[in-house]
Each structure stands twice: as C-alpha cells, then as structure tokens.
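I have a structure here, written as structure tokens, and I will follow up with some questions on it.
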Amino acid sequence: MTDILDRASTVPTISGVEQRRSLVTALPGPVSQALHARKTAAVAAGIGVTLPVYIARAGGAILVDVDGNHLIDFGSGIAVTGVGNAAPEVVSRVQAQVAEFTHTCFMVTPYAGYVEVCEALNRLTPGDHEKRSALFNSGAEAVENAVKIARRFTGRDAVVVFDHAYHGRTNLTMAMTAKNMPYKDGFGPFAGEVYRAPMSYPFHEPAPVSGAEAAARAISIIEKQVGANRTAAVVIEPIQGEGGFVVPAAGFLPAIAAWCTANGVVFVADEVQTGFARTGAMFACEHEGVVPDLITTAKGIAGGLPLAAVTGRAEIMDSVHGGGLGGTYGGNPIACAAALGAIATIEQENLVGAAQRIEATMLARLRDLAAKHPKIGDVRGRGAMLAIEIVQPGTTTPDAAETARISTACHAAGLVTLTCGTYGNVLRFLPPLVIPEHLLAEGLDILEQAIAG
Ligand SMILES: Cc1ncc(COP(=O)(O)O)c(C=O)c1O
C-alpha cells in the first residue's frame with residue numbers, strides 16, 4: 001500500500017505528501033500570481049488555464065502549490081493520475097528506465113518495455129480473441145490511428161461519431177469532436193468523411209427514449225445519410241467525457257456494436273477518458289458486456305507520462321502494411337516504464353474496487369445534494385467518473401454561469417474541480433482512485449457549501 005500513517009499527525013502520507021487540505025494564502029497566492037504574469041508574457045494565449053495555481057509537488061490526491069497551499073484534487077489532471085500523483089511504482093520504474101536509456105525509437109531498435117505494455121493491453125482489454133496493440137503519444141493520435149486502421153481494413157472512407165463527442169484537437173479529431181468553442185472555432189477546414197449521429201443523452205431527451213430506440217434512431221441516420229457499405233468505423237466514447245459525462249441509456253452501446261458487426265463496420269470504443277479502472281471496471285465497455293473491435297486508450301495508462309494506444313482484433317490491426325503505423329516517440333521507453341508501473345498499481349491495489357467505493361460514497365452524497373438543490377438537474381456517471389448537471393431549477397435548461405460560480409467557489413476553498421459539457425453546465429468529478437476517504441468527504445463538504453453559496 002502507498003498509504004503510510006504519519007504517527008505524529010495520523011494524516012496519511014502518499015508519495016511524501018501529507019493527504020490534508022490546507023490553505024496558507026488566498027488562491028492564487030503571490031508566487032502563483034507572479035508565475036502567472038510570466039505565463040501570460042511567455043505562453044501562447046490559446047493555452048488556457050482552469051486555475052492559475054502553480055504546482056510544486058503532488059502525491060496521491062493532494063496538489064501542493066508554490067505558495068505552500070495543499071489542494072484536494074478532484075480532477076486527476078483530467079482523468080490521468082488515477083493511480084495517484086507521483087505514484088511510487090510509476091516513479092521508481094521511470095527513474096530506473098531513465099538511467100538505462102531514454103530513447104532509441106521503437107521503429108529503429110526496439111526494446112522490451114513496449115512489447116510488455118502491448119501484452120498487458122491485449123490481456124486487459126475486453127474480449128479473449130487474439131489482439132495486437134500499437135503505441136502512440138496522445139489520445140488524439142490514438143484515435144487518428146484507429147481511423148487509419150479501420151479504413152485500411154475495410155477499404156471504406158466514412159467515419160461515424162456522435163453528438164457531444166470529444167476525440168481530440170488534431171485536424172481529423174477536431175472534425176470528430178462536436179463542440180465548436182473552444183475546440184474548433186476558426187481552425188477549419190476539417191477532415192472530410194466524418195458524419196455525426198444522434199447520441200443517447202437521457203437527461204436531454206424531450207421524452208424517455210430507451211437505449212434500443214436511441215440506437216435505432218442513430219442507425220437510421222447512418223444508413224440513410226452515410227450508408228453502411230461506405231462506413232469504415234463507428235467511434236464512440238462509452239461514457240462521453242468532455243461532452244458532459246453523458247451515460248447512454250442501457251442497451252444503446254450493445255445495439256450500435258451489434259449493428260457494426262452485422263455490417264462489417266469497425267466498432268471503435270474511445271476509452272481515452274474512461275479506461276484503466278476509472279469507471280469501476282477496467283474499461284467502461286465492460287459495464288454493458290460490449291467487446292469493441294478496436295479500443296483507444298491514453299490518459300490513465302501511464303500515471304501522467306504521455307502514452308496512448310490502439311488495441312484490437314489481430315486481423316484488423318495486422319491489415320496495415322509494415323511501416324504504415326508509428327512515429328518517433330510513440331511508446332517511448334520512459335512512458336512504457338510508467339505504464340507498467342501504473343498497470344501494476346491498478347491491479348495490485350485493486351483500483352477497480354477503489355473506483356466502485358468512490359462511486360458508492362460520492363453518488364449517495366451527490367443524490368442527497370440533488371434532493372436539496374433543484375438546480376442540480378441530473379446526477380450521473382460510473383465509478384470515479386461522476387458529474388452533476390446544473391440547470392435553471394425545475395427545468396432542463398442549462399445554467400453555465402451558475403456552474404462556473406460553483407466551480408470557482410470550490411477552487412477558492414482548495415478543491416480542484418472541472419467543468420465540461422456541450423452547454424458548459426456539467427461539474428465533473430475525477431478524483432484519483434487512491435484518494436483517502438477523509439479527503440473525498442472533505443471535498444464533498446466543500447462542494448456542498450459552494451452549491452449552497
Ligand atoms: C474520449 C477522449 N478521446 C480523445 C481525447 C484526446 O486525448 P489527448 O488530449 O491525449 O489528445 C480525450 C481527451 O480529453 C478524450 O477524453
């Protein structure tokens with residue numbers, strides 16, 4: 001276990017960082033403010049910052065800033081540090097690897113770590129069929145490569161994505177992403193042959209629509225507007241991330257996957273945000289027994305180092321000619337060492353079970369809050385990927401301003417929260433899976449006060 005009880009204070013310490021919130025300045029403190037002035041002068045304005053508090057060190061679920069404030073982390077660097085920040089197994093393996101060699105380029109002279117990560121992915125992802133994996137640097141790059149592979153395999157061009165989808169910021173993945181501001185505005189023209197189908201978004205359906213009905217609605221659009229015979233891949237997040245933590249109605253994903261199988265279309269699960277125990281299963285597809293043809297992963301794969309992957313059926317993955325996939329840094333040895341440390345931590349510390357425990361604690365509290373505050377229109381999510389949707393009380397009309405106010409109030413109290421959603425009105429919670437119970441409770445107390453605000 002990474003928790004070590006500090007006998008003097010009984011505050012647990014993870015990775016050398018006491019797991020307690022404490023504020024010694026208003027946020028951001030003076031040292032952060034000075035750094036932020038330098039950021040404004042040196043860093044491109046397009047690189048936004050949610051909370052201009054500059055971090056000096058971090059461990060577990062605590063971020064320590066340059067002014068000495070300890071903040072509770074309900075964001076995990078956007079679903080990345082599930083194993084905790086500076087997780088011991090990640091740090092020790094990275095330190096060992098960086099002292100051995102830093103880079104050779106796997107495509108030039110390979111090394112074992114890359115192969116071991118692929119073996120682990122082939123073992124851990126849904127389905128017991130024969131699989132292959134390929135490693136990349138970012139989630140967007142993994143999604144791009146999944147599309148390349150699906151097109152090569154099928155000989156077809158069209159790619160179907162969904163309303164509210166988020167798949168990245170490269171040219172193809174911008175085309176696949178739904179929301180214009182801030183991701184796409186002014187950045188076109190976008191890649192072609194990308195088509196959008198209606199999502200199952202239960203809270204915003206005018207009348208209840210089952211998963212099967214929502215799938216039939218989407219399939220009808222695909223068949224009429226794209227054509228099954230032209231469709232290379234359907235790419236879907238099993239729970240949408242940036243689009244608002246949208247959990248489709250039960251039966252939606254299996255029906256879409258079955259249609260893909262029946263029509264020779266590659267079903268791609270984009271599990272960049274939902275993967276690696278985050279949702280209380282190793283991968284979110286498992287909640288509905290869906291076995292994707294290809295699965296894209298990143299974020300939680302390597303405890304904070306940049307790594308991403310496409311994993312899938314051997315016959316699809318191996319349909320690409322030699323040299324057709326790759327990149328200078330994809331599967332960098334240090335990132336692979338980190339991934340092996342992160343995966344070992346997830347399995348040895350049963351972080352799937354930890355995510356389920358977080359869900360039990362948080363969902364109960366969030367539902368209580370929703371009962372008290374009609375501005376909380378919906379509580380949803382799975383595992384440690386939970387959200388509340390903020391609306392004009394008694395309606396489903398999004399209230400982005402109130403959402404921003406609540407999030408800012410959380411930040412001022414030392415709780416890092418994130419917002420998301422097509423309408424900007426979703427507060428999402430992504431705590432590290434190793435978060436101690438007392439910090440989870442304290443974070444929820446802060447949230448409650450901020451909502452009551
Ligand atoms: C579902 C999903 N796909 C793809 C991406 C893009 O990943 P990256 O930012 O590593 O390129 C993200 C990032 O948030 C994501 O949530």
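Residue pairs, Cβ under 7 Å, 6 or more apart or interchain, first in the range 360-381 and at pLDDT 95 or above, second among the charged types (D, E, K, R) and not in a helix (DSSP H, G or I). List them.
K375/D399; G377/E389; D378/E389
Checking the structure you have, find out if any residue of the range 268-277 is closer than 23 Å to A79 by Cβ, of a type in the set (S, T, Y), in contact (Cβ under 8 Å) with a residue 60 or more places away in the chain and touching an Asp or Glu at 6+ places or on another chain (Cβ under 9 Å). Walk me through it before giving the result.
Residues of the range 268-277 closer than 23 Å to A79 by Cβ: 268-277.
Within this subset, residues satisfying the condition of being of a type in the set (S, T, Y) are 274.
Among the residues that remain, those that are also in contact (Cβ under 8 Å) with a residue 60 or more places away in the chain are: 274.
Filter again for touching an Asp or Glu at 6+ places or on another chain (Cβ under 9 Å), leaving 274.
There is at least one residue in the range 268-277 that is closer than 23 Å to A79 by Cβ, of a type in the set (S, T, Y), in contact (Cβ under 8 Å) with a residue 60 or more places away in the chain and touching an Asp or Glu at 6+ places or on another chain (Cβ under 9 Å).
Among residues belonging to the range 208-247 that are among the small types (G, A, S) and assigned to a loop (DSSP other than H, G, I, E, B), point out the one that is surrounded by the fewest Cβ atoms within 10 Å (Cβ to Cβ).
Keep residues of the range 208-247 that are among the small types (G, A, S), which gives 210-212, 214-216, 218, 220, 227-228, 232-233, 241, 243-244.
Add one more test, that the residue is assigned to a loop (DSSP other than H, G, I, E, B), and what stays is 210, 227, 241, 243-244.
Values: S210: 16, G227: 13, G241: 27, G243: 24, G244: 29.
The qualifying residue surrounded by the fewest Cβ atoms within 10 Å (Cβ to Cβ) is G227.
Within the range 248-260, is there a residue that is part of a loop (DSSP other than H, G, I, E, B) and within 16 Å of the ligand (Cβ to nearest atom)?
Checked the range 248-260: at least one residue is part of a loop (DSSP other than H, G, I, E, B) and within 16 Å of the ligand (Cβ to nearest atom).
Within the range 166-174, is even one residue under 15 Å from P248 (Cβ atoms) and out of contact with any Asp or Glu (no Cβ under 6 Å at 6 or more places or on another chain)?
Taking every residue of the range 166-174 in turn, none turns out to be under 15 Å from P248 (Cβ atoms) and out of contact with any Asp or Glu (no Cβ under 6 Å at 6 or more places or on another chain).
Which condition number in (1) farther than 22 Å from T170 by Cβ; (2) buried (at least 16 other Cβ atoms within 10 Å of the Cβ) is the one that A96 fails?
Failing condition for A96: (2).
Another question, then. So how many residues does the range 166-211 have that are under 22 Å from A232 (Cα atoms) and not polar (S, T, N, Q)? Lay out the reasoning, then the answer.
Initial filter on the range 166-211 (under 22 Å from A232 (Cα atoms)): 166-178, 189-200.
Now restrict to residues that are not polar (S, T, N, Q): 166-169, 172, 174-176, 178, 189-199.
Number of matching residues: 20.
Being touching a helix residue (DSSP H, G or I) at 6+ places or on another chain (Cβ under 6 Å), among the small types (G, A, S) and at pLDDT below 95 is the requirement here; does G394 meet it? I'd like the intermediate steps shown before the answer.
Working: touching a helix residue (DSSP H, G or I) at 6+ places or on another chain (Cβ under 6 Å): no; among the small types (G, A, S): yes; at pLDDT below 95: yes.
Judged against the criteria, G394 is not a match.
If I filter the range 153-190 down to residues being outside any helix (DSSP H, G or I), surrounded by 15 or more Cβ atoms within 10 Å (Cβ to Cβ) and of a type in the set (A, V, I, L, M, F, W, C), which single residue comes out as farthest from the ligand (Cβ to nearest atom)?
Ranking the candidates gives A158 first.
Going through the range 125-152 one residue at a time, which ones are closer than 18 Å to K299 by Cβ and either away from the ligand (no atom under 15 Å from the Cβ) or in a loop (DSSP other than H, G, I, E, B) (or both)? Walk me through how you get there before you give the answer.
Pass one, the range 125-152, residues closer than 18 Å to K299 by Cβ: 125-126, 133-146.
Matches in the range 125-152: T125, P126, S133, A134, N137, S138.
Same structure, new question: What is the one condition in (1) more than 27 Å from F153 (Cα to Cα); (2) in a loop (DSSP other than H, G, I, E, B) that H287 does not satisfy?
Failed condition: (2).
Tally time: how many residues in the range 290-327 are among the β-branched types (V, I, T) and assigned to a strand (DSSP E or B)?
5
Let me ask you something else. Please identify the pairs in which a residue from the range 168-184 that is under 20 Å from N145 (Cβ atoms) and among the hydrophobic types (A, V, I, L, M, F, W, C) has its Cβ atom under 6 Å from the Cβ atom of a residue that is within 11 Å of the ligand (Cβ to nearest atom) and not in a loop (DSSP other than H, G, I, E, B), counting only partners at least 6 apart or on another chain.
L172/E144; M176/V161
Another question, then. What are the residues in the range 266-307 that are within 16 Å of the ligand (Cβ to nearest atom), small (G, A, S) and touching a strand residue (DSSP E or B) at 6+ places or on another chain (Cβ under 6 Å), if any?
A269, G275, A298
Further question on the same structure: Identify all residues within the range 308-350 that are in contact with a Gly (Cβ under 7 Å, 6 or more places away or on another chain) and within 16 Å of the ligand (Cβ to nearest atom); write none if there are none.
Residues satisfying the conditions are A308, A338, A342.
Kindly list, by first and then second residue, each pair from a residue in the range 232-244 that is touching a residue at least 40 places away in the same chain (Cβ under 8 Å) to a residue that is of a type in the set (V, I, T) and near the ligand (Cβ under 9 Å from one of its atoms), limited to pairs with Cβ atoms under 6 Å and residues at least 6 apart or on different chains.
Final answer for the pair search is P238/T274; I239/T274.
Still on this structure, please answer the following. When you go through A384, A450 one by one, which is the residue that is in contact (Cβ under 8 Å) with a residue 12 or more places away in the chain, of a type in the set (A, V, I, L, M) and over 27 Å from H167 (Cα atoms)?
Only one candidate qualifies: A450.
Consider G453 carefully, then state whether it is surrounded by fewer than 24 Cβ atoms within 10 Å (Cβ to Cβ), at pLDDT below 95 and over 23 Å from F276 (Cβ atoms). Working first, answer last.
Details: surrounded by fewer than 24 Cβ atoms within 10 Å (Cβ to Cβ): yes; at pLDDT below 95: yes; over 23 Å from F276 (Cβ atoms): yes.
When the stated conditions are applied, G453 passes them.
Just the residues that are within 20 Å of E223 (Cα to Cα) and either at pLDDT below 95 or charged (D, E, K, R) (or both), please, taken from the range 128-177.
R151, R156, D157, D163
Another one. Please verify whether the range 331-354 includes one or more residues that are crowded, with 16+ Cβ neighbours inside 10 Å and more than 30 Å from V98 (Cβ to Cβ). Give the steps one after another, and end with the answer.
At the first step, the residues of the range 331-354 found to be crowded, with 16+ Cβ neighbours inside 10 Å are 331-346, 349, 351-352, 354.
Now restrict to residues that are more than 30 Å from V98 (Cβ to Cβ): none.
Within the range 331-354 (the criterion being crowded, with 16+ Cβ neighbours inside 10 Å and more than 30 Å from V98 (Cβ to Cβ)), the answer is no, since none of the residues qualifies.
Here's something else I'd like to know. I'd like the residue in the range 52-66 that is buried (at least 21 other Cβ atoms within 10 Å of the Cβ) and over 25 Å from T297 (Cβ atoms) and, out of all such residues, is nearest to the ligand (Cβ to nearest atom). So that I can check it myself, show each step before the final result.
Keep residues of the range 52-66 that are buried (at least 21 other Cβ atoms within 10 Å of the Cβ), which gives 53, 58-63, 65.
Filter once more, so that each one left must be over 25 Å from T297 (Cβ atoms): 53, 62, 65.
On the way: V53: 21, I62: 23, D65: 24 Å.
The qualifying residue nearest to the ligand (Cβ to nearest atom) is V53.
While we're here: Kindly state which strands (runs of 3 or more DSSP E) lie completely within the range 1-118 and contain at least 2 residues that are within 29 Å of Y329 (Cβ to Cβ).
Details: elements: 12-14, 55-59, 62-65, 70-73.
Ranges flagged: 55-59.
The values are calculated or read from the model by the stated rules, or taken from the named source; none is laboratory data. Computed from a predicted structure; not experimentally measured. Please note: Cβ atoms are built from the backbone with ideal geometry, for glycine as well, and neighbour counts cover all protein chains shown.
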